[in-house]
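Data block below; observations after.
All of the numbers you see were taken from the coordinates with simple rules; none came from a lab. This structure is a prediction, so every number in the text was calculated from the model and none was measured. Cβ: placed from backbone, ideal geometry, glycine included. Neighbour counts: every protein chain shown.
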């Protein structure tokens, strides 16, 4: 029961508090990246190009990374809690009468 409660509370926290902030930061960051050609289109490694000198953009990028990392940690913890709950349930099933 504790694992299921932990999973529910963490996912609720992520959906209610972290997700809207992450989406807002993505929108702001994308709007700035569209002003510089080639920035924001890379996959894997982030190359800010000329925006590396912009303190506002770098602060947005830092905030985005921190909140996105928090979402990832919450998601991994939620998955682990759900797995623990499923293991507990599977071990408590009795197939013999």
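Here are some notes:
- Peptides 49-61, 85-97 ordered by packing proxy, namely the average of other Cβ atoms within 10 Å per residue, highest first: 49-61, 85-97.
- Footprinting exposure proxy for 42, 11 (fewest neighbouring C-beta atoms within 10 Å first): 42, 11
- Between segment 20-39 and segment 76-97, the alpha-carbon center distance in angstrom: 41 Å
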